[in-house]
Amino acid sequence: MKRHLVWFRNDLRVDDHPALSHACASKDDAVVAIYFYCAKQFAAHDVGRNQQYLIQKALSNLSQSLEQLNIKLIILTSDDFASSIDRLSQVIDDLAITDLHLNIEYAYNERQRDKQACQVLSNKTNCHRYVADSLVAPWDVLSKQGTPFKVFTPFSKAVYEAMDKSPIHPLSMPTARAKENLNAFQTVSNSDLDEVKPTAKFCPDISENNVHKQLADFVDDSIIDYKKDRDFPAIPGTSQISPALAIGSVSIRRCYEFARAKRGEGAKTWIKELIWRDFYRSVMWHFPYVARGQGFLPVDKKIHWNRSEDDFEKWCAGSTGVPIVDSAMRQLLTTGWMHNRLRMVVASFLCKNLWIDWRWGERFFAQHLYDFDYASNNGGWQWSASIGTDAAPYFRVFNPVSQAERFDPDAEFIRKWIEPLQSLPSKAIHQFEQKPLPNYPSCMVDIKDSRKKAIEQFKVAKESEDD
Ligand SMILES: Cc1cc2nc3c(=O)[nH]c(=O)nc-3n(C[C@H](O)[C@H](O)[C@H](O)COP(=O)(O)OP(=O)(O)OC[C@H]3O[C@@H](n4cnc5c(N)ncnc54)[C@H](O)[C@@H]3O)c2cc1C
């Protein structure tokens, strides 16, 4: 009889979980699961309290779901990735594990950890690795020349082709094992986790049942209008599935499966967004230096950013004096989530109008988002700063005034988040540059001037690339 160990990481679910399903393939084998809670690693990766809280909730849900399958989830604390490998090795010895199963993670440190773990452990157990965190594996989406894509449109075409060739079939959760399986691994006891409190006032329900219902409701009621509504932050026009995807309580393939059944432009546009997630994973896989604080484009090294802590603090606190920027930052601080259109607006404002290093913004988002996802966050920030793959051209600077007029014309979103502006007409709010708004800071920069300056500085940086 074999003894299988499933190593859970950012895939805290039982549905569509290749590592779990393969471990459970034979009903006669014994199966146990493990998760390492690495507090110091979270700190090193800037994973904030919001996402840590979500992970703790998801672990408790996962433990219950696995128990219903008569599988024990062992939760152990360990400082960082390196020490988790030592502890894993010990558990494998103690429980006489014959087979270790894990779903592949694409980010740089995680990849190094898995490589090292499989090298160290291969003399005592069989390591099985599976693709679970993308629609198509990054190494299967290459150009005709066999090179990775640097631009989204041809990448997405190749993803569609790959999915046509090998259609996606998410796996159902495995059937319950015999009761004895639960008791077979009671010798290892769980660590107590230090409870983390979120900084946000709200927390999404990321239990698997709820997330599947949320997806079904979104696909039934809202996906039809997604293309039209998704850019308006006052409308709940997007799925808000991202926190569940980030910690893996739902799989990307399950999301795709829900939407594939629907026809129309809305579903098509939504699936395209899922492919953006794959795109940034592919970038991280093929160009791992982007995960080590470097811009994809070399011009990043030539830019001399503004390092004013005061300016940055104002942006973080939602006190820049630009209503659309401040309302978005307040949404983030209160809910731990921000609308995609606004992520682009606030990122552009930070990097282009305040000329602050995109890495500072990337870090702040990581520390506050429930849905913090290394690849998508890094990709989004590099795109906004015009130093990433397929990035916004450097002369494209979002104008926060026209963005607000276009996507929040009645200032409904702004009023929701900035109390002193609640009784003002939308016209006055949008004209904040001409006439200061009562009980609200005046704009910290001249929007037109700072835009012009940013373009000039970028030009200088680009020219100095040849030096
Ligand atoms: C500066 C910046 C930082 C970002 N940081 C993150 C992050 O840390 N985590 C994160 O999940 N997304 C990030 N995004 C992408 C995007 O803003 C969010 O995925 C989206 O807002 C989540 O809301 P939703 O689930 O309602 O999205 P929907 O519109 O319903 O889209 C469905 C899913 O598609 C994926 N998706 C959508 N847009 C993008 C995109 N532009 N790039 C990659 N994937 C996308 C997400 O997984 C999302 O949940 C960032 C974007 C920018 C511009």
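Which number in (1) surrounded by fewer than 19 Cβ atoms within 10 Å (Cβ to Cβ); (2) out of contact with any helix residue (DSSP H, G or I) (no Cβ under 6 Å at 6 or more places or on another chain); (3) of a type in the set (S, T, N, Q) marks the one condition that N70 misses?
With (1) surrounded by fewer than 19 Cβ atoms within 10 Å (Cβ to Cβ); (2) out of contact with any helix residue (DSSP H, G or I) (no Cβ under 6 Å at 6 or more places or on another chain); (3) of a type in the set (S, T, N, Q) applied to N70, the lone miss is (2).
Look at D93 and say whether it is closer than 25 Å to N183 by Cα, among the acidic types (D, E) and either open to solvent by 20 Å² or more (accessible area, probe 1.4 Å) or not in a loop (DSSP other than H, G, I, E, B) (or both).
Criteria met by D93.
Going by the structure shown, is F202 touching a residue at least 60 places away in the same chain (Cβ under 8 Å), in a loop (DSSP other than H, G, I, E, B) and either in contact with a helix residue (DSSP H, G or I) (Cβ under 7 Å, 6 or more places away or on another chain) or within 11 Å of the ligand (Cβ to nearest atom) (or both)?
Values: touching a residue at least 60 places away in the same chain (Cβ under 8 Å): yes; in a loop (DSSP other than H, G, I, E, B): yes; either in contact with a helix residue (DSSP H, G or I) (Cβ under 7 Å, 6 or more places away or on another chain) or within 11 Å of the ligand (Cβ to nearest atom) (or both): yes.
Against the criterion (touching a residue at least 60 places away in the same chain (Cβ under 8 Å), in a loop (DSSP other than H, G, I, E, B) and either in contact with a helix residue (DSSP H, G or I) (Cβ under 7 Å, 6 or more places away or on another chain) or within 11 Å of the ligand (Cβ to nearest atom) (or both)), F202 qualifies.
Tell me, yes or no, whether the range 355-363 has at least one residue that is over 21 Å from A234 (Cα atoms), away from the ligand (no atom under 14 Å from the Cβ) and crowded, with 20+ Cβ neighbours inside 10 Å.
For the range 355-363, residues over 21 Å from A234 (Cα atoms), away from the ligand (no atom under 14 Å from the Cβ) and crowded, with 20+ Cβ neighbours inside 10 Å: present.
Can you find even one residue in the range 205-225 that is of a type in the set (S, T, N, Q), crowded, with 23+ Cβ neighbours inside 10 Å and assigned to a loop (DSSP other than H, G, I, E, B)? Please lay out each step first, then the result.
Taking the range 205-225 first, the residues of a type in the set (S, T, N, Q) are 207, 209-210, 214, 222.
When the remaining residues are screened for being crowded, with 23+ Cβ neighbours inside 10 Å, the result is none.
Looking for residues that are of a type in the set (S, T, N, Q), crowded, with 23+ Cβ neighbours inside 10 Å and assigned to a loop (DSSP other than H, G, I, E, B), one finds none in the range 205-225, hence no.
Just to check your reading of the model, which residue among R330, R359, R341 is of a type in the set (K, R), more than 23 Å from Q240 (Cβ to Cβ) and in a helix (DSSP H, G or I)? I'd like the intermediate steps shown before the answer.
Details: R330 fails: more than 23 Å from Q240 (Cβ to Cβ); R341 fails: more than 23 Å from Q240 (Cβ to Cβ).
From the options R330, R359, R341, the qualifying one is R359.
Please go through the range 138-161 and pick out each residue that is within 23 Å of R260 (Cα to Cα) and either assigned by TED's automatic domain parsing to the domain that holds Y106 or surrounded by fewer than 17 Cβ atoms within 10 Å (Cβ to Cβ) (or both).
Result: D140, T153, P154, K157, Y160, E161.
Is one or more of the residues making up the range 241-260 aliphatic (A, V, I, L, M) and farther than 19 Å from Y370 by Cβ?
Yes, because at least one residue in the range 241-260 is aliphatic (A, V, I, L, M) and farther than 19 Å from Y370 by Cβ.
From P170, P148, P198, P154, grab the single residue that is within 24 Å of L62 (Cβ to Cβ) and more than 20 Å from the chain's Cα centre (by Cα).
P170
Can you tell me which residues in the range 368-395 are more than 9 Å from the ligand (Cβ to nearest atom), open to solvent by 20 Å² or more (accessible area, probe 1.4 Å) and either more than 28 Å from Y440 (Cα to Cα) or not assigned by TED's automatic domain parsing to the domain that holds C443 (or both)?
Selection gives D390, A391, P393, Y394, F395.
Please determine, by comparing only the residues of the range 262-320 that are of a type in the set (S, T, Y) and away from the ligand (no atom under 13 Å from the Cβ), which one is least open to solvent (accessible area, probe 1.4 Å).
T320
Where in the range 383-455 are there helices (runs of 4 or more DSSP H), lying fully within it, with 2 or more residues that are of a type in the set (D, E, K, R) and over 30 Å from D278 (Cβ atoms)? So that I can check it myself, show each step before the final result.
Values: elements: 400-407, 412-417, 426-430.
Once the helices (runs of 4 or more DSSP H) in the range 383-455 are filtered for at least 2 residues that are of a type in the set (D, E, K, R) and over 30 Å from D278 (Cβ atoms), what remains is 412-417.
Would you confirm whether any residue within the range 169-178 is touching a residue at least 24 places away in the same chain (Cβ under 8 Å) and not in a loop (DSSP other than H, G, I, E, B)?
No.
Does the range 401-420 hold any residues that are in contact with a Phe, Trp or Tyr (Cβ under 6 Å, 6 or more places away or on another chain) and either outside the structural domain of S450 (by TED's automatic domain parsing) or touching a residue at least 24 places away in the same chain (Cβ under 8 Å) (or both), and which are they?
F407
Of (1) open to solvent by 40 Å² or more (accessible area, probe 1.4 Å); (2) closer than 23 Å to F232 by Cβ, R341 satisfies all except one. Which?
(1)
Can you name the residue in the range 242-261 that is open to solvent by less than 20 Å² (accessible area, probe 1.4 Å) and over 13 Å from the mean Cα position of the chain (by Cα) and, of all such residues, is nearest to the ligand (Cβ to nearest atom)?
C255
For H101, state whether it is touching a residue at least 24 places away in the same chain (Cβ under 8 Å), open to solvent by less than 10 Å² (accessible area, probe 1.4 Å) and in a strand (DSSP E or B).
Spelling it out, H101 is indeed touching a residue at least 24 places away in the same chain (Cβ under 8 Å), open to solvent by less than 10 Å² (accessible area, probe 1.4 Å) and in a strand (DSSP E or B).
In the set D164, D194, which member is of a type outside the set (V, I, T) and either out of contact with any helix residue (DSSP H, G or I) (no Cβ under 9 Å at 6 or more places or on another chain) or within 30 Å of L297 (Cα to Cα) (or both)?
That would be D164, the only listed residue that is of a type outside the set (V, I, T) and either out of contact with any helix residue (DSSP H, G or I) (no Cβ under 9 Å at 6 or more places or on another chain) or within 30 Å of L297 (Cα to Cα) (or both).
What are the residue pairs meeting all of these: first residue in the range 348-377, first residue among the acidic types (D, E), second residue part of a loop (DSSP other than H, G, I, E, B) and open to solvent by 10 Å² or more (accessible area, probe 1.4 Å), Cβ atoms under 8 Å, and 6 or more apart or on different chains?
These pairs meet every condition: D357/W305; D357/R307; D371/W337.
The values are calculated or read from the model by the stated rules, or taken from the named source; none is laboratory data. Note that this is a predicted model, so its numbers are computed, not measured. With ideal geometry, Cβ positions are generated from the backbone for all residues, glycine too; neighbour counts draw on all protein chains shown. Protein only, heavy atoms only, side chains kept; ligands, DNA and RNA dropped before computing areas. Shrake-Rupley method; radii C 1.70, N 1.55, O 1.52, S 1.80 Å.
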